[in-house]
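Undergrad: Before I ask anything, let me first share the structure, which is written out below as structure tokens.
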Amino acid sequence: MSDAIAALDLTHFALYAASLLATGALAGFVAGLLGVGGGIVIVPVLFYVFTLLGLDEDVKMHVAVGTSLSTIIATSAMSVRAHYRKGAVDVAMLKRWFVATVAGVVLGTVLASHVKGPTLTAVFGTVALIVSFHMAFSRPTWRIADAPPKGIGEQAIAAMIGMVSAMMGIGGGTLSVPTLTLFNYPIHRAVGTAAAIGFIIGVPGTIGFVIGGLGEPDLPPFSLGYVSLVGLALILPTSMAMAPWGARAAHALPTRKLKLAFAAFLFVTGLRMLASVFS
């Protein structure tokens with residue numbers, strides 16, 4: 001355990017806890033507001049919180065990713081339930097994607113457990129830049145094909161989404177929704193199906209990060225492997241509480257401008273993360 005974390009007194013721990021509560025609230029609100037997964041907010045915020053606390057460079061990104069994945073299990077389960085009731089979950093596609101997605105997640109967690117923290121940071125930073133450009137410049141009319149591919153092409157897409165999502169600590173929505181819509185997939189069905197993909201990613205991803213971090217020194221207090229139990233306990237309820245407020249705000253605020261602002265946030269975050277790797 002690092003000196004900074006080991007030396008936490010009650011005041012510092014209270015600040016740590018408050019930061020985690022705020023992280024969950026922000027992630028939930030943004031998820032409801034813009035329809036993005038909370039992990040795309042949780043991971044960079046935790047990364048900066050752990051940086052301020054002086055958490056060791058080799059584990060802070062792993063803990064941010066592992067903790068984010070653990071929150072996705074509950075949030076995606078609740079989300080997919082609501083979408084399923086509205087008939088917006090493609091069960092047939094989930095059955096076809098399941099094995100390849102889980103295989104991708106397993107590969108992603110194994111890779112994440114064996115690479116250094118800066119490498120994981122570089123992966124998140126790079127994909128964050130790509131997502132920011134997509135949010136800023138994509139158009140609803142953009143298409144790669146008139147329908148999603150079948151066979152090995154479909155399996156490759158599912159495995160890649162699982163692998164990258166696991167390494168980034170995000171659910172399926174950030175990558176699978178834009179991917180499916182590029183193949184002329186209805187947006188509401190894409191969002192509902194992506195919620196289920198998030199659950200498929202969250203369960204094995206969390207297990208993998210728990211196992212991968214067992215016995216690792218320099219972890220924050222009350223961690224199970226690379227999953228911060230304090231983070232899970234504080235982020236999850238505030239995230240779930242704020243998501244409906246974000247959804248309500250989406251109907252009252254200029255969503256396009258908000259997406260551009262969030263794209264700018266991701267762009268700056270991605271650049272800063274990459275800069276921290278090479279500095």
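The values are calculated or read from the model by the stated rules, or taken from the named source; none is laboratory data. Fair warning: this is a prediction, and the values are worked out from it, not measured in the lab. Note: ideal-geometry Cβ built from the backbone for every residue, glycine included; neighbour counts use all protein chains shown.
Undergrad: Looking at Leu94, is it over 22 Å from Val43 (Cα atoms) and of a type outside the set (Lys, Arg)? Even if it seems obvious, please write down each step before you answer.
TA: Working: over 22 Å from Val43 (Cα atoms): yes; of a type outside the set (Lys, Arg): yes.
Spelling it out, Leu94 is indeed over 22 Å from Val43 (Cα atoms) and of a type outside the set (Lys, Arg).
Undergrad: Could we say that Arg272 is assigned to a helix (DSSP H, G or I), modelled with pLDDT of 85 or more and of a type in the set (D, E, K, R) here? Outline the logic, then answer.
TA: Values: assigned to a helix (DSSP H, G or I): yes; modelled with pLDDT of 85 or more: yes; of a type in the set (D, E, K, R): yes.
So Arg272 fits the description; yes.
Undergrad: Please go through the stretch 147-170 and pick out each residue that is among the aliphatic types (A, V, I, L, M) and within 20 Å of Asp90 (Cα to Cα).
TA: To start, the set of residues in the stretch 147-170 that are among the aliphatic types (A, V, I, L, M) comprises 147, 152, 156-161, 163-164, 166-168, 170.
Once the filter is applied, which keeps residues that are among the aliphatic types (A, V, I, L, M) and within 20 Å of Asp90 (Cα to Cα), the stretch 147-170 yields Ala147, Ile152, Ala156, Ile157, Ala158, Ala159, Met160, Ile161.
Undergrad: State all residues of the stretch 204-229 that are at positive phi and among the charged types (D, E, K, R); if no residue qualifies, say none. Steps first, please.
TA: Applying the first criterion (at positive phi) to the stretch 204-229 yields 215, 218, 222, 225.
Across the stretch 204-229, the qualifying residue is only Asp218.
Undergrad: Suppose we keep only residues that are farther than 10 Å from Gly169 by Cα and hydrophobic (A, V, I, L, M, F, W, C) within the stretch 55-81. Which one would you say is surrounded by the most Cβ atoms within 10 Å (Cβ to Cβ)?
TA: Looking only at the stretch 55-81, we keep the residues that are farther than 10 Å from Gly169 by Cα, and these are 55-60, 73-81.
Within this subset, residues satisfying the condition of being hydrophobic (A, V, I, L, M, F, W, C) are 55, 59, 73-74, 77-78, 80.
Numbers: Leu55: 24, Val59: 22, Ile73: 18, Ala74: 16, Ala77: 15, Met78: 13, Val80: 22.
In this case the residue turns out to be Leu55.
Undergrad: Moving on to the next point. Looking at the stretch 188-218 only, could you name the residues that are hydrophobic (A, V, I, L, M, F, W, C), within 19 Å of Val110 (Cα to Cα) and either at pLDDT below 90 or outside any loop (DSSP other than H, G, I, E, B) (or both)?
TA: We begin by selecting, within the stretch 188-218, every residue hydrophobic (A, V, I, L, M, F, W, C); these are 190-191, 194-197, 199-201, 203, 207, 209-211, 214.
In the following step, the residues that additionally are within 19 Å of Val110 (Cα to Cα) were identified as 199-201, 203, 207, 209-211, 214.
Within the stretch 188-218, Phe199, Ile200, Ile201, Val203, Ile207, Phe209, Val210, Ile211 meet the criteria.
Undergrad: Can you give me the number of residues within the stretch 219-237 that are farther than 16 Å from Leu53 by Cα and in a strand (DSSP E or B)?
TA: The total comes to 2.
Undergrad: With over 19 Å from Thr23 (Cβ atoms), without any contact (Cβ under 8 Å) to a residue 40 or more places away in the chain and surrounded by fewer than 20 Cβ atoms within 10 Å (Cβ to Cβ) as the only criterion, which of Pro186, Pro178 stands out?
TA: On the way: Pro178 fails: without any contact (Cβ under 8 Å) to a residue 40 or more places away in the chain.
Matching residue, one of Pro186, Pro178: Pro186.
Undergrad: Right, here's the next one. What helices (runs of 4 or more DSSP H) lie completely within the stretch 50-137 and have 2 or more residues being of a type in the set (A, V, I, L, M, F, W, C), touching a residue at least 40 places away in the same chain (Cβ under 8 Å) and in contact with a His (Cβ under 6 Å, 6 or more places away or on another chain)? Quick ask: steps written out before the conclusion?
TA: Numbers: elements: 57-85, 91-114, 117-137.
Per the criteria, no element qualifies.
Undergrad: Given the criteria in a helix (DSSP H, G or I) and closer than 19 Å to Met168 by Cβ, does Gly246 qualify?
TA: Details: in a helix (DSSP H, G or I): yes; closer than 19 Å to Met168 by Cβ: no.
Here the answer is no, as Gly246 does not meet what is asked.
Undergrad: Could you tell me whether the stretch 138-151 includes any residue that is β-branched (Val, Ile, Thr), assigned to a helix (DSSP H, G or I) and without any contact (Cβ under 8 Å) to a residue 12 or more places away in the chain?
TA: Applying the first criterion (β-branched (Val, Ile, Thr)) to the stretch 138-151 yields 141, 144.
Pick out the ones that are also assigned to a helix (DSSP H, G or I) and you get none.
No: the stretch 138-151 contains no residue that is β-branched (Val, Ile, Thr), assigned to a helix (DSSP H, G or I) and without any contact (Cβ under 8 Å) to a residue 12 or more places away in the chain.
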